[in-house]
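Chemist: What follows is a structure written as structure tokens; I'll ask about it next.
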């Protein structure tokens, strides 16, 4: 009788490096080491009280049973209104579904639209899971090398050339970008949509950091510009803005036939997103919390400026000011021969500071640090960075 063994596809999937580093840092902390972890992308603020209370009330009221696979009708309608009001994308309720976090939304979308062997363009730097998610959908990820000297924004002509060269069927966009914090202008987003139209590409747009922008910058969705909505599938939600990381709830929005197919897949794989989390998401959609979210943005902005200025004061380190999300990319190409993995290991092992090597995001020679941390931890991080750099001959 054959024994169960991992199949060929599973052997191509590696563990998420960001989660692995966070787990290692946690083990070191548990062993009594004073580790500062700036690896994971998780806000240090609590869940806003009205949103948390909506989840608690669902438990107390017994609203904890199965829901329709796409989510309760109330949430789908609320999500459609929120996407329209916040990002100017006019979705109807049946074009929006609830998923168990952004990662599940991406998986559902790719599992629905990718045919076996389809080439999907991935722009580096990319969130670590994109290539794996494409492969899990039997697609072929083709990574466009990072362009740090162009501010990590690829020229539309280069994207079009890659699409034609590889016969691509789709492209994954992620703005505000994790890990670079890059936020393109409306004109740049329109240029990417124009490329998608010329090359006949679908667009999977991960916009989970859409509410976290600075310096008057505004996130523009590909689905909100001319020619974009009909070919774009949007992933968004409150994971990062409202610290709903562990609640595992997000939205997937797009053409109704795609959402219907994603719903069928979700019905077989997950059943439905957590019922309690759906209640919390309804509250997040309906309660603006403008003052609280602005206070968070001010805190992130203060940390952003502190970290970038402090890093640039350390010889041989450089960092550009991100315009979105809550990450800074450190340029370590002048250290250890540009070996970002070796630098990250040295930083954690000798100086107890956890960051994520840029190689994990397709950006070798860089290190990602999250500033979703206290100012005390950021000050410690800067001191340890300086000590690490000074110790490298």
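Chemist: Going residue by residue through the stretch 158-166, is there one that turns out to be assigned to a strand (DSSP E or B) and either touching a helix residue (DSSP H, G or I) at 6+ places or on another chain (Cβ under 6 Å) or free of Cβ contacts under 8 Å to residues at least 24 places away in the same chain (or both)? Lay out the reasoning, then the answer.
Modeler: Step one: of the stretch 158-166, the residues assigned to a strand (DSSP E or B) are none.
No, the conditions are met nowhere in the stretch 158-166.
Chemist: Of everything in the stretch 179-192 that's closer than 18 Å to residue 359 by Cα and in contact with a strand residue (DSSP E or B) (Cβ under 6 Å, 6 or more places away or on another chain), which residue is surrounded by the fewest Cβ atoms within 10 Å (Cβ to Cβ)?
Modeler: Of the residues in the stretch 179-192, the ones closer than 18 Å to residue 359 by Cα are 179-182.
The next check asks that each one be in contact with a strand residue (DSSP E or B) (Cβ under 6 Å, 6 or more places away or on another chain); those that pass are 179-181.
Details: 179: 30, 180: 30, 181: 27.
It comes out as 181.
Chemist: Going through 86, 92 one at a time, which residue ends up being outside the structural domain of residue 351 (by TED's automatic domain parsing), surrounded by 15 or more Cβ atoms within 10 Å (Cβ to Cβ) and under 27 Å from residue 186 (Cα atoms)?
Modeler: Values: 92 fails: surrounded by 15 or more Cβ atoms within 10 Å (Cβ to Cβ).
Criteria check complete, one pass: 86.
Chemist: Let me ask something additional. If we keep just the residues of the stretch 43-66 that are crowded, with 18+ Cβ neighbours inside 10 Å and assigned to a loop (DSSP other than H, G, I, E, B), which is modelled with the lowest pLDDT? Walk me through it before giving the result.
Modeler: To start, the set of residues in the stretch 43-66 that are crowded, with 18+ Cβ neighbours inside 10 Å comprises 43, 47-48, 51, 54-55, 58.
Within this subset, residues satisfying the condition of being assigned to a loop (DSSP other than H, G, I, E, B) are 43, 47-48.
Values: 43: 94, 47: 98, 48: 98.
The extreme case among them is 43.
Chemist: Would you pick out the residues in the stretch 123-142 that are under 17 Å from the mean Cα position of the chain (by Cα) and either part of a loop (DSSP other than H, G, I, E, B) or over 22 Å from residue 328 (Cβ atoms) (or both)? Walk me through how you get there before you give the answer.
Modeler: Of the stretch 123-142, the ones under 17 Å from the mean Cα position of the chain (by Cα) are 123-134.
Of everything in the stretch 123-142, those that are under 17 Å from the mean Cα position of the chain (by Cα) and either part of a loop (DSSP other than H, G, I, E, B) or over 22 Å from residue 328 (Cβ atoms) (or both) turn out to be 124, 125, 126, 127, 128, 129, 131, 132, 133, 134.
Chemist: Tell me, please, whether a residue that is closer than 24 Å to residue 64 by Cα and at pLDDT 95 or above can be found in the stretch 208-229. Before you say what the answer is, go through the steps one by one.
Modeler: Just the residues of the stretch 208-229 that are closer than 24 Å to residue 64 by Cα, to begin with: none.
No, because not a single residue in the stretch 208-229 is closer than 24 Å to residue 64 by Cα and at pLDDT 95 or above.
Chemist: Please count how many residues of the stretch 107-119 are within 18 Å of residue 167 (Cβ to Cβ) and without any contact (Cβ under 8 Å) to a residue 60 or more places away in the chain.
Modeler: Within the stretch 107-119, residues that are within 18 Å of residue 167 (Cβ to Cβ) and without any contact (Cβ under 8 Å) to a residue 60 or more places away in the chain number 6.
Chemist: Return yes or no: is residue 39 outside any helix (DSSP H, G or I) and surrounded by 15 or more Cβ atoms within 10 Å (Cβ to Cβ)?
Modeler: Numbers: outside any helix (DSSP H, G or I): yes; surrounded by 15 or more Cβ atoms within 10 Å (Cβ to Cβ): yes.
Taking the combined requirement at face value, the residue satisfies it.
Chemist: Turning to a different aspect of this structure: If you go through the stretch 242-262, how many residues are without any contact (Cβ under 8 Å) to a residue 24 or more places away in the chain and either in a loop (DSSP other than H, G, I, E, B) or crowded, with 17+ Cβ neighbours inside 10 Å (or both)?
Modeler: Total satisfying the criteria: 0.
Conditions (1) modelled with pLDDT under 95; (2) over 20 Å from residue 379 (Cα atoms); (3) surrounded by fewer than 24 Cβ atoms within 10 Å (Cβ to Cβ), marked per residue:
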| position | (1), (2), (3) |
| --- | --- |
| 309 | no, no, yes |
| 312 | no, no, yes |
| 319 | no, no, yes |
| 324 | no, yes, no |
| 328 | no, no, no |
| 332 | no, no, no |
| 338 | no, yes, yes |
| 342 | yes, yes, yes |
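The values are calculated or read from the model by the stated rules, or taken from the named source; none is laboratory data. Just so you know, these numbers come straight off a predicted model, no measurement behind them. Cβ: placed from backbone, ideal geometry, glycine included. Neighbour counts: every protein chain shown.
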